[in-house]
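Reading through the structure tokens given below for one structure.
The values are calculated or read from the model by the stated rules, or taken from the named source; none is laboratory data. Because the structure is a prediction, the values reported are computed rather than measured. Using ideal geometry, Cβ is built from the backbone for each residue, glycine included, and neighbour counts are taken over all protein chains shown.
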Amino acid sequence: MALNRYFIDSNILIRHLTQDNQTLSPKATSFIEEIAKEEAIGFVTSLVVHEVIYILVYVYKVNRKGLVNSLKKLLKLKNLEILDIDKKSLSLALDDFAKFNIDFPDCVYKQIALNNNLEILTFDKDFKKIKK
């Protein structure tokens, strides 16, 4: 049986790391546990990691060393992979950014998910605004 393949949005990692939401944090942790148990494959980009660091350091005021340790622990998961975007897909992401009222990183994530046949794990309702 093929494993589920997920693109993990930054808000999933933020909810998992902060455990600040009684509803969303357990769901986020469940996704991460599924990847840790090698029951699914997760994908992120350096842009996702950047968003997580920025929000947690500058909004949540978390300790940098603790955050780095937590992120490195996640990056050690066998079934968590790092992806990037190619020039054509970046151009398409820019088109989506011009067309839809959503954040640019979400446009990038949509293209990466489409290119790699990934389901996007997110709590962000903006993804519904982007049509395939």
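Among the residues of the range 117-132, what is the count of those that are at pLDDT 95 or above and under 13 Å from N101 (Cβ atoms)? Don't jump to the end; show me each part of the working.
Applying the first criterion (at pLDDT 95 or above) to the range 117-132 yields 117-123.
Checking the rest, the ones that are also under 13 Å from N101 (Cβ atoms) come to none.
Adding up the residues that qualify gives 0.
Among the candidates A40, A28, A2, single out the residue that is surrounded by fewer than 16 Cβ atoms within 10 Å (Cβ to Cβ), closer than 16 Å to E119 by Cα and small (G, A, S).
A2
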May I ask you to list pairs of residues, at least six apart or on different chains, whose Cβ atoms are under 7 Å apart, with the first in the range 18-33 being under 18 Å from L77 (Cα atoms) and the second being in a helix (DSSP H, G or I) and β-branched (V, I, T)? A28/I12; F31/I12
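Only one of these is of a type outside the set (S, T, Y) and without any contact (Cβ under 8 Å) to a residue 60 or more places away in the chain: N63, N79, N11. Name it. I'd like the intermediate steps shown before the answer.
Working: N79 fails: without any contact (Cβ under 8 Å) to a residue 60 or more places away in the chain; N11 fails: without any contact (Cβ under 8 Å) to a residue 60 or more places away in the chain.
The conditions single out N63.
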Here are some residues: L80, L92. Which one is surrounded by fewer than 19 Cβ atoms within 10 Å (Cβ to Cβ) and under 16 Å from the mean Cα position of the chain (by Cα)? L80
Members of the range 43-62 found to be buried (at least 16 other Cβ atoms within 10 Å of the Cβ), closer than 22 Å to D103 by Cα and not polar (S, T, N, Q), listed by number: F43, V44, L47, V48, V49, E51, V52, I53, I55, L56
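Working only within the range 101-127, note down all residues that are in a loop (DSSP other than H, G, I, E, B) and within 25 Å of K27 (Cβ to Cβ). Talk me through it step by step, then tell me what you get.
The first filter runs over the range 101-127 and keeps only residues in a loop (DSSP other than H, G, I, E, B), leaving 101-103, 116-118, 122-124.
Hits for the range 101-127 are I102, D103, N116, N117, L118, T122, F123, D124.
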